[in-house]
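Q: Below you will find the structure I want to go over with you.
Please treat every number below as a calculation from the coordinates, not as lab data. It should be emphasised that the depicted structure is a prediction, and the values quoted were computed from it without experimental measurement. Heads up, the Cβs are rebuilt from the backbone with ideal geometry, glycines too, and the neighbour counts pull from every protein chain shown.
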Amino acid sequence: MAAAAAAAADASAEAAAIARRLASCNGSARERAVRHLLSTFLPASAPHLSASDLLKLWKGLFFCFWHSDKPLYQSSLATRLAAGVSSGPSPAAAAAYLAAYLATLRREWVHIDTHRLDKFYLLNRRFLHHAFLLLAANSFAADLTSQVVSILSEKVLLPEADNVAAGSPRGLGYHVAEVFLDELSPVLPVSLQTMEVLLSPFFAVLEKSSDRVMVAKVMSSVFERFLESGKQLLDMAKKGEGVEKGSAEEKIGKVGLLFGFSKRFSDIGAKAETVQANRKVLFGLRDAFVMVEKGLELSGVEIAVPEFKSTEVTGVENGMDLDEVKVEKKKKKKAKKTSLVEGETEGAKDSKQEKKVKKEKKEKKKKKKVEVVDEGDVTEQSTDAPAEEDQQMGDGTEAVTFDETLMSNLQKQFEKAAAEAGMVNGGSSSSASPASGKAAKKRKRAKSADRLSVSDGDDVSREGTIISQDGEKSGKKVRFSMKNNLVWKPHNPLPPQCLRLPPSATPRGSALKKGVLPGPIKETPTPVKKTKPKAKSAKKVLKKPSSAAKRLRKLQNFSA
């Protein structure tokens, strides 16, 4: 006895120290405390811990989970904390651990803000899932199942303070009612007797709870899902369609059809202790289930009674241990490094290609400049070419005589060639070479040479040699200067100085200050309203008698 008491005292002292480390602001200290708690302390000291010691530990664990920020770490920590239920040293210790968790979360539920509410929803789902894993590992033993269900009923769904403190937080109970079937479905099917024990807290809510929100959550999230799945299973059985193994119709629909919900609801509604406001809900559910059960009887379809099958249920799909998180982080880092290296190599290749393109462009520009200079020289020499050609043709035996008809034909041909090449009508000179026409587009110097290449003989050749500038773009670059090119030209000429009006002599706005006399201001007289003379009333005003007349009347009365 003394040794057990000493071990309990040591365990409680160590639990208090671990709780302080769990609530530390240092992340590494919290992580070391969690590892020590789950790996060494709880497996060894769980039988010696009291309910108050577990509440102290869960106070620290609550703040440890409060400080977890990153989603991967939140999921991993929630899975590790919930694993204390399914992998506890004994079922009794696991049930005590679950009860301390639910009591702590219900007490602190009011202080959870909206930014941290989702991760506590996740934690609650993990604990429900591992609680059902604990029951499945023990083949849904009647004692353990009733113990876990009573914990859920007392701590969450129907707490003792529910009727005493109307302002106590009930959000945790709402969430448990919403996700109960989602977390139970991985361990289904179970026998109908086990299902009756698991659903007993929800029947108690419909019977005793005065919370309308809780009653509505239980009706919509639990019993109506049984009803809908049962209807779908019955329709598929009537049509002869096969049901997918492991689907909601197979696991939940069988319970909805074979459990006998209609009789159970009618019995609860007939009790005198049932809350009067809940009877309408109960009888509505009874009528709906009666229709489904009668449809099953009339169809003649046989549905097998569900029985529990011991199967290995995997953990949470999204749950991850710290080792897996570390491995994924390493993989991500490697992928980032490889992507960075590939990006650098691609960037180097792109920069090299850009440099090559720039060099090629510079070389092309230099070649163009050289060609333009050479063509300019050719155009200068082309003015003397016609005379030499005429001399050569004159010396030959078969000379060609340039008549007016021949010149006109040549001019027409040159105009057609210019129109096809995109030049403006006007053509080039008959004596100019094609090289001079090309140079006219590239450089202004060539244009001037072509303009000057005019024969001295005929006026027709003069008109043909002039190249029009309409529609052509000049190759000369002009630098724009604001100082030299900005000239203000008014649309209308200004009036003479004598007719220009000076500004108003009367200061306005901020000019009305002390020391500044205002100019002449024309004040318009305010119009006076003409009052109509009042008409005299027709009634005559009775005048009061004077004091002398009153005395005379008194004397006359006395004398009489």
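Q: From the square roots a ≥ b ≥ c of the eigenvalues of the alpha-carbon gyration tensor of the range 74-164, which class results: rounded (a/c under 1.5), prolate (a/b over b/c), or oblate?
A: oblate
Q: Shape of the range 14-70 from its Cα gyration tensor (a ≥ b ≥ c, root eigenvalues): rounded if a/c is under 1.5, otherwise prolate when a/b > b/c, or oblate?
A: Prolate.
Q: A follow-up question, please. Summing Lys, Arg as +1 and Asp, Glu as -1, what charge do residues with Cβ under 9 Å from the Cβ of residue 21 carry, residue 21 excluded?
A: Result for the neighbourhood of residue 21: +3.
Q: Over the range 105-227, what is the relative contact order in whole percent, taking alpha-carbon pairs under 8 Å and six or more residues apart?
A: Dividing the mean separation by the residue count of the range 105-227 yields 32 percent.
Q: Still on this model: Can you list, bin by bin at 10 Å, the percent of alpha carbon pairs in the range 188-306, starting at 0?
A: Result, from short to long distances: 13, 45, 30, 10, 1 percent.
Q: Another question, then. Here are some pairs, 217/271; 238/280; 208/245; 239/294; which of them have Cα atoms lying more than 27 Å apart in this structure?
A: Beyond 27 Å: 238/280; 208/245.
Q: Taking every pair of alpha-carbon atoms in the range 105-251, what share in percent sits in each 10 Å bin, from 0 to the bin with the longest distance?
A: Histogram of Cα-Cα distances, whole percents per bin: 10, 37, 35, 15, 3, 0.
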